[in-house]
Structures are given as C-alpha cells and as structure tokens.
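Step one of this worksheet: look at the structure below.
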Amino acid sequence: MAYKVAYKEIDESNIILINSVSSFIEMIKQVKETKEVQDGTSTELYFRGQETEFWDIEPSIFRDDMLSIEHKLMQIPLQKSPTEFRELNSMFDLMTKYQHYGMCTRLLDLTTNPLVALYFACKKHGVVKYVTKEGGEVEKEPYGVIYYTDQYYSSQSTDLEIQIVSALASYDLEKENTLSAVLERLYYDRIIDKRTKDNWLVNYRDFVKIIQNNYMVMPTYTNERLRKQSGVFLLTSLFSFNKENELKNSVISKAKGKLKEEFNDTCFYISGEDKETILKELDLYNINEATLFPELEHQLSYIKYANRNQVNPVADFTKYEEESASNKQDIGVKQPELEQYILDNFDNQFKGIIGEEDVKEVLNIIKEHFTVDWYKRNPILSKMNMSITGYYLKKCQSRDIAKKKAEQVMTLLKQMVEKFITSMNERGE
C-alpha cells in the first residue's frame with residue numbers, strides 16, 4: 001500500500017453500525033421522528049457518504065493548498081472556454097458546473113436522499129494497512145461512514161449571502177483584501193448596492209457574519225446527475241476578518257477548516273465486509289452507478305459491474321501449426337481405440353500432475369469433448385482447455401494456477417495422443 005493509517009477501535013457511543021439497507025432506513029426514520037418530537041416541526045436532514053472513516057470532511061479546494069489559487073481556478077476556465085459557461089447566471093452556478101466536472105471548489109456534495117449517501121459510503125476504497133496500538137499491522141477495507149446534519153435551512157443560489165460568498169471565492173484576496181476594497185468590488189460587480197456598501201463600512205458585523213457562515217444551497221438542477229442524486233451543496237465560507245483601528249483597512253482573507261462540527265455527533269458506519277452486500281441491496285432499490293450517474297461512461301461501467309459474475313475462462317491464443325504431430329499422423333487412426341487408450345491410461349498418467357482427487361473430474365471434462373477428430377481440431381482442444389481452467393478456477397480461486405494446471409493436462413493429453421499414433425504406425429496399422 002502507498003500509505004498506512006493509525007488503527008483505532010470505533011467509538012460505539014457515537015456511531016450506529018449499519019449492515020443492511022432495511023436497518024439503515026429504520027434508523028433514519030427514528031432520527032427524523034426524534035427530531036420532530038424535539039423541534040415540533042418537520043426537520044430536513046442532509047447526508048454525506050464517504051467511503052473511508054479516516055477522511056476529513058472538507059471541500060476539495062481545502063486540500064493540497066489549492067485554496068491559494070482558488071481565484072485562478074475560478075477565472076481561467078472562463079477565459080479558455082467562454083462558450084461553455086455563457087448561459088450561467090451567477091458565480092455560484094459557475095461553481096456548480098466546475099464541481100460537476102471535477103474542478104476544486106468550496107462546495108461540499110450532500111444529498112437529501114439517505115440511500116444515495118449509503119451508496120457512496122459503500123464504495124470500495126481498497127485494502128488499507130492499519131497500524132495497531134501494539135505496533136503490528138492489519139489490512140482491511142475501511143469502514144464507510146455517513147454523516148448527517150439538521151442545522152440548516154436551505155438557501156437559494158440567488159440569495160444575497162450566496163452571491164457574496166461565491167464572488168469572494170473568485171477574488172484574489174492577496175491584492176484586494178481590505179474591507180473597503182472588497183465592498184467596492186462587490187458594488188462594482190452589482191452584487192450589493194451603494195447604500196449597502198456604505199452601511200457595511202460602518203456596521204461591518206453584518207457583513208462579517210455573512211462571510212463566516214456556511215450555507216446549505218439547493219442548486220438549480222442544471223444537470224441530470226444532480227437531480228438523480230437529490231444533490232445539495234454545503235457552500236463553505238470561512239473567510240477570516242482582522243479588524244484594524246481604521247475600520248476600512250480591516251483585512252479579509254481566505255482560510256480553511258474542517259467541517260465535522262457542521263454535522264451531528266452521531267454518524268452511521270458500514271464495515272468493509274458489508275459494503276458489497278449492501279450495494280447489491282441498493283441495486284434492488286434502483287440505487288446504483290447507472291441511475292446516479294447518467295453519463296455514458298458510468299452506464300457502461302455499471303453494465304460491466306452487473307455482468308461480472310457471468311464470465312467464464314477464455315483460452316490463451318495458440319497459433320495454428322499445420323505440421324503438428326497429431327495432424328501429420330492422422331491417416332488411419334482408429335479414434336475409438338485412441339479414446340479407449342486415453343480412458344484406460346488416464347489415471348496412471350495424470351495422478352502425479354493433478355492429484356488423485358481431480359482425476360475423475362478432469363477425465364469427465366475430456367470425455368465430454370470427444371467428437372469427430374477432436375484430437376486434431378484446435379477449436380475443440382481450446383474448449384477443452386477452457387473447461388479445465390474453469391474447473392480449477394472455481395476450486396483454487398487463482399487464475400494463474402488454474403491456467404498452469406490446464407496447460408499441464410493439455411500437454412500430457414497431446415503426448416498420449418502422439419504416443420498412441422506412433423505406436424500404431426510402428427505396428428503398421
């Protein structure tokens with residue numbers, strides 16, 4: 001593995017362990033009912049599923065110091081491909097499109113559909129080495145985790161707060177970073193009016209509150225993926241404000257932080273061993289890669305995934321050779337006698353190679369392929385090879401071992417055929 005993580009036992013006081021779709025649905029119902037009793041109103045829950053328990057909760061722009069070039073990431077695509085974005089009405093809509101195509105943004109993907117979050121939590125991450133408290137190592141598929149929050153009322157992309165935070169994301173706050181400069185830029189971009197600008201230069205706390213809150217934004221479903229995933233975005237703000245004696249020179253700067261505190265202390269865990277089983281259950285609810293990702297590449301990926309259990313071993317390519325021994329010496333071969341010779345001598349010839357317990361099964365496979373001139377017909381020999389490979393693949397679960405065993409059997413079988421033909425020719429038959 002490329003990395004190791006410290007191993008810690010899960011704290012069961014703050015987690016709910018999920019091992020089936022039905023148990024998850026039941027727990028979500030209980031959470032909603034409890035919230036409604038406490039609050040007296042219907043509560044909207046927002047969910048985020050992550051495939052490992054050790055990932056932080058943070059938007060992509062907060063990783064790898066990308067925040068320092070956020071303004072460039074926001075502006076360069078507009079310059080390079082302006083026609084791609086000309087129908088977008090706001091900087092938030094632009095950010096949404098960037099998120100769809102994998103650009104780093106300050107948006108965090110969430111969903112109002114708990115089963116969608118469960119799907120993402122059950123995605124296979126790959127085996128990770130965990131360092132135990134005793135200093136040893138264990139390898140396992142990580143827990144998946146689902147976080148949820150009920151702290152937010154949803155905002156719209158047209159709300160003033162959303163427009164301000166989205167605009168600040170596109171500004172280079174290394175240059176224009178004073179309160180007066182930022183408010184002037186917001187006024188220039190027609191996000192705030194002059195009255196608001198002048199007011200916030202005095203009553204700055206209202207502005208600071210806006211740029212230090214996070215917002216749950218219900219996006220315009222401009223793409224099918226968002227709609228199918230019941231997607232919403234947590235727009236992270238987290239702009240720092242350093243007050244100066246002369247208020248207008250107070251400095252506004254970009255900062256990053258973890259978002260764990262935005263979610264409920266209790267979360268749902270899925271063990272690595274249960275991920276595949278739950279994904280199969282979700283498929284019954286029509287929650288899978290094909291339904292959540294309408295793009296063609298994901299449709300084809302799902303088709304490949306859904307049909308993976310129907311595969312059979314395929315023989316390696318063998319170049320046809322006209323002058324093979326069995327083809328040169330086939331005139332006058334009495335096939336029934338050849339087959340009886342193989343049946344009579346198979347046990348003695350093959351026990352040392354394939355083991356006594358497999359002789360009967362392998363011999364039955366060979367007998368099933370007895371047909372006219374089978375011993376000199378490459379397609380028949382290839383099918384025989386494939387069937388023997390399939391037998392060993394089911395038994396030992398190793399493709400390399402299965403192929404090697406099949407090759408040994410086919411080599412010895414061909415030797416038996418050639419030995420029979422040679423002895424027959426020597427007798428003049």
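The values are calculated or read from the model by the stated rules, or taken from the named source; none is laboratory data. Worth saying up front: this structure is predicted, and the values here are computed from it rather than measured. Note: ideal-geometry Cβ built from the backbone for every residue, glycine included; neighbour counts use all protein chains shown. In case anyone asks, the SASA skips ligands and DNA or RNA and just uses the protein heavy atoms, side chains included. Shrake-Rupley method; radii C 1.70, N 1.55, O 1.52, S 1.80 Å.
If a residue counts only when it is closer than 21 Å to Trp55 by Cα, which helices (runs of 4 or more DSSP H) contained entirely in the range 201-287 have at least 2 such residues? Can you show your working first?
Working: elements: 204-211, 224-228, 275-284.
Output list reads 275-284.
Answer yes or no as to whether Thr158 is open to solvent by 60 Å² or more (accessible area, probe 1.4 Å) and of a type in the set (Ser, Thr, Tyr). For Thr158, the condition - open to solvent by 60 Å² or more (accessible area, probe 1.4 Å) and of a type in the set (Ser, Thr, Tyr) - is met.
Only one residue in Gln75, Gln50 is surrounded by 17 or more Cβ atoms within 10 Å (Cβ to Cβ) and among the polar types (S, T, N, Q), so which one is that? Don't jump to the end; show me each part of the working.
Values: Gln75 fails: surrounded by 17 or more Cβ atoms within 10 Å (Cβ to Cβ).
Gln50 is the lone residue from the list that is surrounded by 17 or more Cβ atoms within 10 Å (Cβ to Cβ) and among the polar types (S, T, N, Q).
Restricted to the range 91-199, the set of strands (runs of 3 or more DSSP E) holding at least 3 residues that are touching a Cys at 6+ places or on another chain (Cβ under 7 Å) comprises 144-149.
Within the range 1-24, residues that are closer than 20 Å to His125 by Cβ and surrounded by fewer than 10 Cβ atoms within 10 Å (Cβ to Cβ) sit with their Cβ atoms under 7 Å from residues that are at pLDDT 60 or above and not aromatic (Phe, Trp, Tyr), at 6+ positions apart or across chains, in these pairs: Ala6/Val131.
Residue by residue, here is whether (1) at positive phi; (2) in contact with a helix residue (DSSP H, G or I) (Cβ under 7 Å, 6 or more places away or on another chain); (3) open to solvent by 60 Å² or more (accessible area, probe 1.4 Å) holds:
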| site | (1), (2), (3) |
| --- | --- |
| Leu201 | no, yes, no |
| Ile210 | no, yes, no |
| Leu247 | no, yes, no |
| Lys260 | no, no, yes |
| Cys267 | no, no, no |
| Asp274 | no, no, no |
| Tyr302 | no, yes, no |
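Tyr152 passes every criterion in (1) within 21 Å of Glu51 (Cα to Cα); (2) out of contact with any helix residue (DSSP H, G or I) (no Cβ under 8 Å at 6 or more places or on another chain) apart from (1). Filtering the range 371-407 to residues that are within 18 Å of Glu357 (Cα to Cα), more than 33 Å from the chain's Cα centre (by Cα) and loosely packed, with under 14 Cβ neighbours inside 10 Å leaves only Lys404.
What number of residues within the range 381-429 are among the charged types (D, E, K, R) and modelled with pLDDT of 85 or more? So the answer is 8. Taking the criterion of being under 13 Å from Lys243 (Cβ atoms) and basic (Lys, Arg), the only residue of the range 199-215 that qualifies is Arg205. For beta carbons closer than 7 Å, sequence separation of 6+ or different chains, a first residue in the range 168-192 that is in contact (Cβ under 8 Å) with a residue 40 or more places away in the chain and a second that is part of a helix (DSSP H, G or I) and of a type in the set (Lys, Arg), the qualifying pairs are Tyr171/Arg185; Thr178/Lys248; Leu179/Lys248; Ser180/Lys248. Among the conditions (1) at pLDDT 80 or above; (2) charged (D, E, K, R); (3) closer than 30 Å to Tyr130 by Cβ, the only one that Arg308 does not satisfy is (1).
Rundown of residues vs (1) among the small types (Gly, Ala, Ser); (2) open to solvent by less than 30 Å² (accessible area, probe 1.4 Å); (3) modelled with pLDDT of 90 or more, yes/no style:
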{"position": "Glu87", "(1), (2), (3)": "no, no, no"}
{"position": "Met91", "(1), (2), (3)": "no, no, yes"}
{"position": "Val116", "(1), (2), (3)": "no, yes, yes"}
{"position": "His125", "(1), (2), (3)": "no, no, yes"}
{"position": "Lys133", "(1), (2), (3)": "no, no, no"}
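For the range 135-151, what are the residues that are touching a residue at least 60 places away in the same chain (Cβ under 8 Å) and open to solvent by 30 Å² or more (accessible area, probe 1.4 Å)?
Within the range 135-151, the subset touching a residue at least 60 places away in the same chain (Cβ under 8 Å) is 137-151.
Result: Glu137, Val138, Glu139, Lys140, Tyr143, Asp150, Gln151.
For Ser253, the conditions (1) in contact with a strand residue (DSSP E or B) (Cβ under 6 Å, 6 or more places away or on another chain); (2) buried (at least 18 other Cβ atoms within 10 Å of the Cβ) are fulfilled apart from (2).
Residues in the range 179-199 that are surrounded by 14 or more Cβ atoms within 10 Å (Cβ to Cβ) and more than 15 Å from Ser166 (Cα to Cα): Leu179, Ser180, Ala181, Glu184, Thr196, Lys197, Asn199.
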